[in-house]
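**Q** Structure in structure tokens, see below.
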Amino acid sequence: MVFSSHIFLFLFLPAVLALYYLSPNRVRSLLLTLFSYLFYGWANPLFVILMLVSTAIDFIAGRTIARADPDNFGRAELLPLAEGGLRNSRQKFALVASIISNLSLLGFFKYYNFGIANVSRLLEWLGAEGCDHSLYLNVVLPLGISFYTFQSMSYAIDVYRGHAVPLRRFTDFACYISLFPQLVAGPIIRYQDVADQMVERSHTWKKFSRGVAFFSIGLGKKILLANPCGRIADTAFASADLSPLDAWTGIFSYSMQIYFDFSGYSDMAVGLGLMLGFVFIRNFNSPYKSSSITQFWQNWHMSLSTWLRDYLYIPLGGNRKGPARTYVNLFLVMLIGGIWHGASWNFAIWGGAHGIWLAAERFLSRRCSMRPPAWIGRTVTFTGVSLLWIPFRAPDLESAARYARNLMPGDFGNPQLVSAAIHTPYLIGSALVAFLVIFFGTHSWDMTRKITPLKAVYVIFLLVLSSMLLASQSYNPFIYFIF
């Protein structure tokens, strides 16, 4: 189930809100957990079992880490561990068990098929007989596993570091892991950011109205902007005969599609959280206005960037062990971030290229104090990020290389049909509006800070228009749904 569907808008969400506000506080977490399991298991109920296993392991790990601390021995309510204090072998074992179990689940379900396919290719290249795929499992990727395993790991790590107190009730922790607004595609909510909210949270008309505004804007981004831009990108990437103009149009359209698709979903997630009393973190901050790749990653998918920084980059040494080690750490973190997105060489190349770019930018900033004008930095960053979306979007390396060649002048066969399909008034007009919104529009976080009567009319109009168009659109993909 996705937010941009009629069954969610007109059946699931009204039922959740009605039952949630009619229920007493003590059962609200349980109610949200049950509805979240229904939301997650809509495509495949077996996925719920896998999430429950991960949830149980990390809940036990958090309790074990806290109970093994002398200050918590025999207490009914657990205290936070002393930050920076020594941990005993039992606490370390519980943390390692949490990390290994989560990474094992993620590794098996996300990379098993990729591993078997590459072993088969390697054997064939060496002259041996490849793997008979009929003899191996065909593993189905559970939706959102990349998000909830990272989120679940952060719980045990935060408790171990002394940054948070573990939850006493399993239902509260299960609610934290499975909370449907951010379950499938984030933002990745770290436990320390919502620990108090899982036990007690406020519900006000101001929060609820801002939540409705966030949700309406996010749905508008998805239906009104991301979908038409996606139709341009899909047409371009599916074509073998493509002129340079159409190739550039396609890749810039994909840049806008993935931004409005993902940031729109994040806005809807934040809005749904506010309706239920939760305050989630910001996940996007106008990343395409960035004048450097460093600034871009500070503003794009911020929950993932900060997660990788705090739980991977800093433990690797960050920038504390000299410039050379810093460059290596930047590359490794971005490479892992690329592989986290998907099991293919395309994602590894995409992440590795961003890592090289970050390291090179850090190197040049140390050697040169001069900075280019902001507009040049923005143009270079937006163009470079857009070009690197090619391996991210293309189904394989051959397709990515072919698309990159289409960006250059040459013999392109007969691309008139593709041009006719792309350059329709509706699609090109939507892409131009998306471009203007990206570079000149007001961010949803700023727009929703104070809901005036005029803004209320605007967001209601967006909600109604998006819902109406949703009924007439057969094209409604969601990019991050598969990650």
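**Q** Please give the contour-minus-distance gain from residue 10 to residue 90: 0.36 nm per residue of separation, less the Cα-Cα distance, rounded to one decimal in nm. Let's see the in-between values first.
**A** Values: separation 80, 0.36 × 80 = 28.80 nm, distance 4.87 nm.
Length gained between residue 10 and residue 90: 23.9 nm.
**Q** Only counting other Cβ atoms within 10 Å, I'd like 191, 21, 403, 426 sorted with the fewest neighbours first.
**A** Values: 191 26, 21 13, 403 21, 426 9.
By the 10 Å Cβ count, ascending, the order reads 426, 21, 403, 191.
**Q** Determine the gain in length on full extension of the stretch residue 108-residue 474; use 0.36 nm per residue of separation and subtract their C-alpha separation, reporting nm with one decimal. Could the numbers behind the result be given before it?
**A** Working: separation 366, 0.36 × 366 = 131.76 nm, distance 3.36 nm.
Length gained between residue 108 and residue 474: 128.4 nm.
**Q** Continuing with the same structure: Calculate the spin-label point distance for residue 467 paired with residue 282, positioning each point 7 Å from the Cα along the beta-carbon direction, and give it in nanometres.
**A** Those two pseudo-labels are separated by 3.0 nm.
**Q** Right, another one. Among the listed pairs 289/450; 221/450; 110/206; 207/289; 110/207; 110/321, which have their C-alpha atoms separated by more than 30 angstrom in this model?
**A** On the way: 289/450 24 Å; 221/450 20 Å; 110/206 41 Å; 207/289 28 Å; 110/207 37 Å; 110/321 33 Å.
Flagged as over cut-off: 110/206; 110/207; 110/321.
**Q** Same structure, new question: May I have the convex hull volume per residue, in Å³, for the Cα set of region 6-200?
**A** In region 6-200, the Cα convex hull volume per residue is 152 Å³.
**Q** At a Förster radius of 41 Å, what calculated FRET efficiency corresponds to the Cβ-Cβ distance of residue 321 and residue 205, to the nearest 0.05? Mind showing how you got there, number by number?
**A** Working: r = 51 Å, r/R0 = 1.24.
Approximately 0.20, to the nearest 0.05.
**Q** Grab the Cα-Cα distance for residue 376 and residue 460, subtract it from 0.36 nm times how many residues apart they are, and report the gain in nm with one decimal. Mind dumping the intermediate values first?
**A** On the way: separation 84, 0.36 × 84 = 30.24 nm, distance 3.78 nm.
Roughly 26.5 nm would be gained on extension.
Laboratory data are not the source of any read-out in this text; all were calculated from the coordinates shown. The model shown is predicted, which means the values in this text are computed figures rather than measured ones. All Cβ positions, glycine included, derive from the backbone under ideal geometry; neighbour counts span all protein chains shown.
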